[in-house]
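The values are calculated or read from the model by the stated rules, or taken from the named source; none is laboratory data. Bear in mind the structure is a predicted one, so any value in this text is a computation, not a measurement. No Cβ is skipped: glycine too gets one built from the backbone with ideal geometry, and neighbour counts run over all protein chains shown. For accessibility, only protein heavy atoms count, side chains too; no ligands or nucleic acids. Shrake-Rupley method; radii C 1.70, N 1.55, O 1.52, S 1.80 Å.
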Number of protein chains: 2
Amino acid sequence: MATYELEHPAIEDITLTDVLFALSDPARLEIVREVADGPLDMAACGATNPDLPKSTKSHLMKVLREAGIVRNVPNGRGRLVSLRKDELDARFPGLLDSVLGA
Amino acid sequence: MATYELEHPAIEDITLTDVLFALSDPARLEIVREVADGPLDMAACGATNPDLPKSTKSHLMKVLREAGIVRNVPNGRGRLVSLRKDELDARFPGLLDSVLGA
DNA sequence: TCGACTGTTCAAGTATTATCGAACCATGGC
DNA sequence: GCCATGGTTCGATAATACTTGAACAGTCGA
């Protein structure tokens, strides 16, 4: 299942409210913080919630991905998660930095 | 009913996720934009939705107020709504500007 | 090729939010 | 004092969102 590409919205289709909503959940925000320093194996994300069911984590990732915040590409038998920082900065200047800096 | 003060959270009790959630709704975000230029009579807010039921508008305001985004004080027979800009800027530097600038 | 590992999707249940009418209340103007 | 104005609260219903188990699929290593 880690073989195919998942859908990612184009930058111009990303909406501010969707981004804000995705970031408004503590668990999702935590994942974003973890990924902010560089790409991470999806399995390595959410280390703070080690007992989080995988279906739940998959859903959290889906919300972040569909909001345009995160990129999620196949990587071996797993997936690699990265922040779409440059694109987000271009679309919503300063937003990500202010959220992550808080 | 416009006589008593409503509850407003202290700055230090304002959480980032609550703020982001409050701003993640288009109708609420619109109200914030309207108020960004200065205090406004509550009746004047949401001019874009003129047929919005007052109970609905009151609820939207409540979410914004409880998130710490807006101040809502009695004013004659109505209420005056204003942005808690300075406080928000102090607590989450750059956040408001990036959201409003988007 | 056969497991073990990593994730996705589906479905069902739960929980949170949104919406809006109705009842109610202060204030201001007459 | 009375009424119209502006807004809150409550209660019910509808709509979203969250959570999780189960079933399934691609990949890697032995």
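Points worth noting:
- Treating r as the C-beta distance of B:Asp13 and A:Glu66 and R0 as 35 Å, the FRET efficiency rounds to 0.65.
- Within the accessible surface of chain B, defined with a 1.4 Å probe on protein heavy atoms only, the carbon and sulfur portion equals 53 percent.
- Each other copy holds its own label point for A:Val73; taking that point as 7 Å from Cα along Cα to Cβ, the gaps run 5.4 nm, nearest first.
- Surface accessible to a 1.4 Å probe, per residue, for the residues of chain A, Å²: 53
- The amide H of A:Asn75, built 1.01 Å from its N in the peptide plane, has A:Leu80 as neighbours under 5 Å, considering only residues 5 or more places off or on other chains.
- Rounded to the nearest 100, the interface formed by chains A and B buries 1200 square angstrom of accessible surface, both chains summed, with a 1.4 Å probe.
- With the simple model of a label 7 Å out from the Cα in the direction of the Cβ, B:Ala102 to A:Asp89 spans 1.7 nm.
- Distance from region A:37-102 to region B:47-102 (C-alpha centre basis), Å: 30
- Label point of B:Ser55 (7 Å along Cα→beta-carbon): distances to the other copies' equivalent points are 3.6 nm, sorted ascending.
- Counting every C-alpha pair in chain B, the share spaced more than 24 angstrom apart comes to 16%.
- Put simply, when A:13-20, B:84-91, B:28-35, B:4-11 are sorted by average Cβ atoms within 10 angstrom per residue, most first, you get B:28-35, A:13-20, B:84-91, B:4-11.
- Exam field: B:Ala43 pseudo-label spacings to other copies (7 Å along Cα-Cβ), nanometres: 6.4
- B:Asn49 versus A:Val73: modelled label distance in nm, points set 7 Å from Cα along the beta carbon direction: 4.1
- For region B:84-102, a drop of 10 Å² or more in accessible area on going from the chain alone to the assembled protein chains (1.4 Å probe) is found at B:Phe92, B:Pro93, B:Leu95, B:Ser98, B:Val99, B:Ala102.
- Hydrodynamic radius of the protein assembly as shown by the Kirkwood approach over all distinct alpha-carbon pairs: 18.4 Å.
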